[in-house]
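Structure record follows, encoded as structure tokens.
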Protein chains: 2
Amino acid sequence: MGAENQQERLVKLGWVIGFVDGEGCFSIGFVRQNDRVDRKGYKTGYQVSHEFAVTQGARSLEALYELKSFFKVGQVVINRRHDNHKEHLHRYVVRSRRDLLEVVIPFFRKNRMYTLKQQDFEKFAQCVELVNKGYHLTREGLIGIAKITETMNRQKPRHELIRILRGHTPDIPDMG
Amino acid sequence: MGAENQQERLVKLGWVIGFVDGEGCFSIGFVRQNDRVDRKGYKTGYQVSHEFAVTQGARSLEALYELKSFFKVGQVVINRRHDNHKEHLHRYVVRSRRDLLEVVIPFFRKNRMYTLKQQDFEKFAQCVELVNKGYHLTREGLIGIAKITETMNRQKPRHELIRILRGHTPDIPDMG
């Protein structure tokens, strides 16, 4: 690689860190799935979703494609807006656990951000790793993950979810 | 400079571009000043303000000091919030025309952003340069600047300002 390309590559790498520092969003969601059971056959009732996303208006789409071409994983998707906003929103999203664990998380572990987002990222990475280890397949594990996400910026309080999970009495293991 | 420092410097430079691409704001304001007169003694009535700013919550203050130490101009100021928000806002601001013309504008001319902010920056730079040439000291020049700012993202419409400026009948030159 020539010296100039190498320079450009480092500046682009920095741009990615800075742009995500400003505009990125690391989020963990809990999706109700009534038929979800844990390894012992107990209903956990929830699936965990994990998403790294950057949202921009249509006129800044180029920035999202820069991210996609940098990480070489994820997609650019459209969030159509039917209200009176000027433009549709677009999102660069990485949801695949494998892409998060192999690409996104190692990148931001290596390249530190300067805002509060750094802390959000660390909690996000911790949750994805817990999910990868199967913690979300037990109620106690799910509660643990929910408690971590509660301390993330702009995440919903999870009292209600935790209350529901704690309130579950063991169901009869699924024999199906 | 060692190879490692050089690498870090390029990544930091990229971070600045990316963070401003996401969070920066280039804005031009019109401040009413009734006693302002142009070179011919006509009242223009307005002064032009120019500001490059990045706003963050208190917990992301480090990012603003990174910008300040990178550009070596500007200040970090506090916008206290007395409502029920979690934290005060802080802003890294560069308002001095000289610092804008000598540091900020050359930097972003050389280092392109990927979002719509790039266009905002170019219009902002054009306005600051027009002010530097004294265009704002005539009503026609002020109208020209106002028309440029109208096409910037999130800037106010300037119909009213332009109407006022156009509506002025020449005042008696100030003999004082």
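For peptide A:47-60, the mean count of partner chain Cβ atoms within 10 Å of a residue's Cβ comes to 2. A:Lys68 label point (Cα plus 7 Å toward Cβ) to equivalent points in the other copies: 3.9 nm, shortest first. Where the convex hull is taken over the Cα atoms of chain B, what is its projected area averaged over directions, in nm²? Averaged projected hull area, Cα only: 12.9 nm².
Distances between copies of B:Thr55, taken at a point 7 Å out from Cα along the Cα→Cβ vector and listed shortest first: 1.8 nm. Calculation over all alpha carbon pairs of the protein assembly as shown in 20 angstrom steps from 0 returns a P(r) of 24, 47, 22, 6, 1 percent.
Among A:Glu87, A:Glu23, A:Glu122, which one shows the highest mean-square fluctuation when chain A is modelled as a Gaussian network with alpha-carbon springs under 10 Å? The residue that fluctuates most here is A:Glu87.
With a threshold of 32 Å on the Cα-Cα distance, the over-threshold entries among B:Lys86/B:Lys110; B:Lys110/B:Lys133; A:Lys156/B:Lys147 are B:Lys86/B:Lys110; A:Lys156/B:Lys147.
Distances between copies of B:Glu160, taken at a point 7 Å out from Cα along the Cα→Cβ vector and listed shortest first: 4.1 nm.
Here, each number is a calculation from the coordinates, and none is a lab measurement. As the structure is a computational prediction, the values presented were derived from the model and not from experiment. Because the Cβ atoms are built from the backbone with ideal geometry, glycine has one as well, and the counts that use them run over all protein chains shown.
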